[in-house]
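To keep things clear, I will list the structure first and then write my remarks on it.
The values are calculated or read from the model by the stated rules, or taken from the named source; none is laboratory data. What you are looking at is a predicted structure, and each value in this text was computed from that prediction instead of being measured. Ideal geometry is used to build each Cβ from the backbone, glycine not excepted, and the neighbour counts take in all protein chains shown.
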Amino acid sequence: MSQAVSYDLNGAIAVLTISNPPVNALGLAVRQGLVAGIEKAEADAAVKAVLIIGEGRTFPAGADIREFGKPPVDPYLPEVVLRIEACNKPVVAALHGTALGGGLEVALGAHYRIADKAGRIGLPEVNLGILPGAGGTQRTTRIAGAKATLDLATGGKPIGADNAHALGIIDRIAEGDLKEAALAYANELIATGTASRPSGERREGLADEAANLAAIEDTKTTLAKRARGQFAPFRIVECVEAALTLPINEGLAFEREQFLKCMETPQRQGLIHAFFAERTCTKVPEASRAEPRPLNQIAVIGGGTMGAGITVAALNAGLPVVMVERDAESIARGQANVEKVYDGMVKKGRLDEAGKAKRMALFASATDYAALSDVDLIIEAVFENLEVKQDVFRQLDQVAKPGAVLATNTSYLDVDAIANVTKRPQDVIGLHFFSPANIMKLLEIVVPANPADDAVATGFALAKTLKKTPVRAANADGFIGNRIYKAYGLCATYMMEDGASPYEIDKAIYDFGYPIGIFQVHDLAGMDISWANRKRLAATRNPLERYSAVQDKICEAGHFGQKTGRGMYVYPEGARKGEPNPDVLKVIAEEQARLGITPRDFTAEEIMRRYMAAMVNEGAKVLQENVALRPSDIDVVALYGYGFPRYRGGPMKYADMYGLENLLADLRAFEAEDAYFWKPAQLLVDLVENGRSFEDLNKES
Ligand code: 3H9
């Protein structure tokens, strides 16, 4: 027997225990072990039933994703599942932890399923750009119907054992010890002479034809919007449709065909890259060298939009927060900002009053910094101005207990300049939250010149507690995200001045897969914010940098976007979706005339080629300056902070797939028109010269 699957006898039951840490993924050794185990059990006349169970934390959480893209090796998972299903003795699967994807499919190959009460099951393949390829769509539909299958397989979210039980996917819930309960179940089957029961022959889920057809139509409608541009979700619908009409063997063959098509797509590559990237970003040198400091009580300085959002994120995670503001009026406003978020959630039915009360019970407020004397981590979230922040840190230095981590929430400012006003710069880090801070997953953890390892590790521990995705950034203007954003933002304004209208640019970006275009983002965030930043940097701007004054002119007229009803778009009373603003086109025309630019046409393809070249080139500069640890960290920033379409993996992954030599050729072509802006990053030149990719750098990190 393979080491990955052990074979033991318990009375008349053959127990196959899967052991492939950490998540018992169904790699080759497990697949071989399962087939061998079933064959051995069949061959032994004394064995009357088989039990499949996982060792450690979980029943298999799926196929081994690391094998994808490599040549497949026999036995394939669909065959393994068929072999289990064909066993002439009843097979029970005992599920605990997260029985996902191929793991659930193996369980569906078994004839009976028992689950631990806390167990979760799901078909999350869609999150990886693929679909359940070992019979998941066919067998689940036969057992639980189209709606349950479509929800599981196109939504990709796991459900609890109780829910799965109610749907008929799980036959029994184990109240006590799972293995004992599963053995008892198998013994019962033996005692009652219950035969094996192949899922592929079941029909309960097919009974309500009208409901099944309605579920297909509903899902098609929701996916048209929710899964715009994606391949796999629509193939899943087709597989479930096939399950409703085709015999099982044909249904399985159809599913296999669709699975293989999904495997061929760049979307599969992009999504699997994203899966590993968002796990790798938590691996940083400081956290490998030191344990985080305790995090029992945190404080937030400032109750504005950011401060309130950070407070809500912490309260949601069960972390007590004391909010500090300068006077009673400001603290009342801060508390109201927090309550407003919860009231909104209550109104939308996402939280009940009891939930709100539970969270607010963890909230305290103060107007005196003395309240900070016993706090483990203090997050300053006051106005984005260096002097103001430095002043706060001087005061924090007086009152914070030794060993408290002092964090500044800043989008651009120099964290060392803030740390160095204290006598404990080693305890200071930057935490760049994204707005709204209670929703956005990204947290840039900014590491100044000489931090204590455990202070940085505490930042990563905080991210984990808040269920955020942390990315380590060195202390440089704009860190990772805003620095790159600035580069492709500039590229967009140059294209706008050269003849592509902002509306054509936004449409190209939307069609690429972003939720909205960059000018719509400006309007949403408030054009005054980037205007203020441009003014802040005006004195240090390199004279070689091309400067577009179009957006300044719009701001000078008092138009800042959605909040003023006019910006790059106009927003008719109450509307959130804007319409093109004719004044903007007028300003652009005036600027073109002033600068002697003859506007030209841009195709959507050229717009995106330039946009991506600007983004990736700046990403490469961020890497060569060691602001980011690895290319995949930049991808995570773009995915979680800036709406980059996940199925494209992130800009650096996109560049690898586009071909770095092609990207460099684009940059060289654009360089002829603006040698300053389009100068290729040296790192990119070196990678191309040596035939290497960003993925090679990921592997070395
Ligand atoms: C599939 O099944 C296809 C079939 O339908 C058809 C085939 C023909 N493979 O997330 P964590 C690693 S597709 C390989 O930090 P958690 C992960 O990278 C699959 N490795 O833990 C990490 O490694 P490291 C469908 C995997 O407790 C470590 O395990 N299944 C796999 O927060 C711990 O992971 C899925 O999509 C895998 N399948 O969450 C489930 N899964 O320590 C994907 C995990 O080196 N997995 N690893 O960084 C998950 O959603 C979560 O990992 C899980 C645990 C919820 C299981």
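Please enumerate the residues belonging to the stretch 344-367 that are loosely packed, with under 13 Cβ neighbours inside 10 Å and either farther than 28 Å from residue 292 by Cα or modelled with pLDDT under 95 (or both). Steps first, please.
So the first thing to find is which residues in the stretch 344-367 are loosely packed, with under 13 Cβ neighbours inside 10 Å, and the list is 344, 347-350, 352-354, 357, 361.
Scanning the stretch 344-367 gives 344, 347, 348, 349, 350, 352, 353, 354, 357.
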Checklist entry - Between a first residue in the stretch 499-518 that is within 16 Å of residue 550 (Cα to Cα) and a second residue that is part of a loop (DSSP other than H, G, I, E, B) and of a type in the set (Lys, Arg), which pairs have beta carbons less than 7 Å apart while being 6 or more apart in sequence or on different chains? => result 499/600
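Could you check how many residues of the stretch 126-181 are of a type in the set (A, V, I, L, M, F, W, C) and outside any helix (DSSP H, G or I)? Step through it out loud before you land on a result.
Here is the first cut: in the stretch 126-181, the ones of a type in the set (A, V, I, L, M, F, W, C) are 126, 128, 130-131, 134, 143-144, 146, 148, 150, 152-153, 159, 161, 164, 166-167, 169-170, 173-174, 178, 181.
Cutting the leftovers down to outside any helix (DSSP H, G or I) gives us 130-131, 134, 159, 169-170, 173-174.
Residues meeting the conditions: 8.
Looking only at the stretch 70-91, count how many residues are acidic (Asp, Glu) and part of a loop (DSSP other than H, G, I, E, B).
Going through the stretch 70-91, the residues acidic (Asp, Glu) turn out to be 74, 79, 85.
Right, trim to part of a loop (DSSP other than H, G, I, E, B) and you get 74.
Count: 1.
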Checklist entry - If you take the residues of the stretch 118-139 that are of a type in the set (S, T, N, Q) and under 20 Å from residue 252 (Cβ atoms), which of them is nearest to the ligand (Cβ to nearest atom)? => result 137
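Residues are listed down the side, and each one gets a yes or a no for (1) away from the ligand (no atom under 16 Å from the Cβ); (2) outside the structural domain of residue 76 (by TED's automatic domain parsing); (3) surrounded by 18 or more Cβ atoms within 10 Å (Cβ to Cβ):
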{"residue": "11", "(1), (2), (3)": "yes, no, no"}
{"residue": "14", "(1), (2), (3)": "yes, no, yes"}
{"residue": "29", "(1), (2), (3)": "no, no, no"}
{"residue": "40", "(1), (2), (3)": "yes, no, no"}
Checklist entry - Of everything in the stretch 184-208 that's surrounded by 15 or more Cβ atoms within 10 Å (Cβ to Cβ) and touching a Lys or Arg at 6+ places or on another chain (Cβ under 7 Å), which residue is modelled with the lowest pLDDT? => result 196
Item to check | Close pairs from the stretch 351-371: first free of Cβ contacts under 8 Å to residues at least 40 places away in the same chain, partner surrounded by 10 or more Cβ atoms within 10 Å (Cβ to Cβ), Cβ under 7 Å, at least 6 apart | outcome: 351/342; 351/345; 352/346; 353/346; 356/342; 356/346; 370/399
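Would it be correct to say that residue 610 is closer than 28 Å to residue 667 by Cβ, touching a residue at least 24 places away in the same chain (Cβ under 8 Å) and in contact with a Cys (Cβ under 7 Å, 6 or more places away or on another chain)?
When the stated conditions are applied, residue 610 passes them.
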Checklist outcome for this item: Of the residues in the stretch 411-467, those that are among the hydroxyl-bearing types (Ser, Thr, Tyr) and farther than 28 Å from residue 486 by Cα number 3
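Show me the helices (runs of 4 or more DSSP H) found entirely inside the stretch 611-701 where at least 3 residues are surrounded by 23 or more Cβ atoms within 10 Å (Cβ to Cβ), touching a strand residue (DSSP E or B) at 6+ places or on another chain (Cβ under 8 Å) and at pLDDT below 95. Before the answer, list the steps.
Working: elements: 631-641, 651-658, 660-671, 682-689, 694-700.
Hits in the stretch 611-701: none.
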Checklist entry - So which pairs qualify, if the first residue must be in the stretch 83-111 and on the phi > 0 side of the Ramachandran plot, the second must be charged (D, E, K, R), the Cβ gap must be under 8 Å, and the two must be at least 6 apart or on different chains? => result 97/57; 97/116; 97/120; 101/125
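What about residue 55, is it within 16 Å of the ligand (Cβ to nearest atom), surrounded by fewer than 24 Cβ atoms within 10 Å (Cβ to Cβ) and more than 24 Å from residue 264 (Cβ to Cβ)?
On the way: within 16 Å of the ligand (Cβ to nearest atom): yes; surrounded by fewer than 24 Cβ atoms within 10 Å (Cβ to Cβ): yes; more than 24 Å from residue 264 (Cβ to Cβ): yes.
Against the criterion (within 16 Å of the ligand (Cβ to nearest atom), surrounded by fewer than 24 Cβ atoms within 10 Å (Cβ to Cβ) and more than 24 Å from residue 264 (Cβ to Cβ)), residue 55 qualifies.
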Checklist entry - Are there any helices (runs of 4 or more DSSP H) wholly within the stretch 487-595 with 3 or more residues that are assigned by TED's automatic domain parsing to the domain that holds residue 677 and of a type in the set (A, V, I, L, M), and if so which? => result 502-512, 518-525, 527-537
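Residue-wise test of (1) touching a residue at least 24 places away in the same chain (Cβ under 8 Å); (2) of a type outside the set (A, V, I, L, M, F, W, C); (3) out of contact with any Gly (no Cβ under 9 Å at 6 or more places or on another chain).
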| position | (1), (2), (3) |
| --- | --- |
| 578 | yes, yes, no |
| 601 | yes, yes, no |
| 616 | yes, no, yes |
| 629 | yes, no, yes |
| 635 | yes, yes, no |
| 645 | yes, yes, no |
| 655 | yes, no, no |
| 662 | no, yes, yes |
| 667 | yes, no, yes |
Next on the checklist: Please go through (1) more than 18 Å from residue 177 (Cα to Cα); (2) in a loop (DSSP other than H, G, I, E, B); (3) without any contact (Cβ under 8 Å) to a residue 60 or more places away in the chain; (4) near the ligand (Cβ under 9 Å from one of its atoms) for residue 23 and return the number of the only condition it doesn't satisfy.
Outcome noted: (3)
Item to check | Among (1) within 16 Å of the ligand (Cβ to nearest atom); (2) under 29 Å from the mean Cα position of the chain (by Cα); (3) crowded, with 21+ Cβ neighbours inside 10 Å - the single one residue 157 does not satisfy | outcome: (3)
Next on the checklist: Can you tell me how many residues within the stretch 90-117 are near the ligand (Cβ under 7 Å from one of its atoms), of a type in the set (D, E, K, R) and surrounded by fewer than 24 Cβ atoms within 10 Å (Cβ to Cβ)?
Outcome noted: 0
Checklist outcome for this item: Among the residues of the stretch 535-572, the number that are surrounded by 17 or more Cβ atoms within 10 Å (Cβ to Cβ) and touching a Ser or Thr at 6+ places or on another chain (Cβ under 8 Å) is 3
Checklist entry - Among the residues of the stretch 369-416, which ones are under 27 Å from the mean Cα position of the chain (by Cα), surrounded by fewer than 23 Cβ atoms within 10 Å (Cβ to Cβ) and at pLDDT 95 or above? => result none
